[in-house]
Amino acid sequence: MGRAQAVAIVALLVALGAFTLAAVAWRKGGAAVSGVDHAAVTADEWLTGPVGSQLHTVERQLRGLDVAMAEIGYRFTELYFAGLDGNWDYANYQTQKIDLALRLALERRPKRGPSSQPFLNEDLPFVSGAIMARDPARFREAMDLLRTGCMKCHTNEKVPFFTVELPDHRMSTIRTIRRGSAK
């Protein structure tokens with residue numbers, strides 16, 4: 001799979017989740033806002049039944065951690081190259097989004113929480129500290145620690161074959177070379 005395809009898949013999954021949540025909200029509250037009954041179901045709608053059933057369908061579509069891990073993997077690569085480029089603001093943005101994506105995924109799969117706590121509470125903050133310090137050497141060290149944290153979580157969840165390596169190529173066209181880069 002090429003870089004463009006991987007980016008497109010992640011974007012599609014995020015868009016599907018956003019669309020699904022918007023559809024549920026619209027169906028639930030649309031009539032109250034407009035005075036029109038938008039809840040009438042047509043034959044080609046996939047989100048049918050009572051709201052509880054619809055929410056179950058949305059939950060199934062969002063799935064577990066696998067979809068979140070696709071996003072996190074993409075953001076891990078973006079984070080890595082942002083730090084190497086010295087694009088510290090973009091690197092900081094990616095750490096925040098990795099944290100958010102994982103915490104939201106853990107709401108769906110709370111039994112995965114204990115394995116992820118060292119990653120969220122130690123490894124990711126160490127990367128954030130290196131970014132705030134704008135320290136290229138510390139950033140490289142932090143990214144290796146973060147990669148190791150990924151592998152520890154995978155091992156704890158009995159999927160050690162999900163091997164994480166530092167990326168060797170970019171997935172995005174965002175490249176801002178700044179003074180103080182980690183190259």
Ordered by number, the GluC sites (Glu not before Pro) in region 38-106 that occupy a DSSP loop and have at most 14 other Cβ atoms within 10 Å are GLU45
Go through 118-125, 163-170 and give me the packing order, highest mean Cβ count within 10 Å leading.
118-125, 163-170
For a quick size check, give me the Cα extents of region 98-183 along its three principal axes, largest first, whole Å.
43, 24, 21
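Arrange the peptides 138-150, 97-109, 80-92 so that the one whose residues have, on average, the most other Cβ atoms within 10 Å appears first.
Peptide ranking by packing, descending: 80-92, 138-150, 97-109.
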Given labels modelled 7 Å from the Cα in the Cβ direction, how far is it in nm from ARG60 to THR173?
3.9 nm
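Suppose the chain between GLN117 and LEU47 were pulled fully straight at 0.36 nm per residue; how much longer would it get relative to their current alpha carbon spacing?
21.7 nm
Quick note: the coordinates plus some simple rules give every number you see, no bench work behind them. As the structure is a computational prediction, the values presented were derived from the model and not from experiment. Methodologically, a virtual Cβ is constructed for each residue, glycine included, from the backbone with ideal geometry; neighbour enumeration extends over all protein chains shown.
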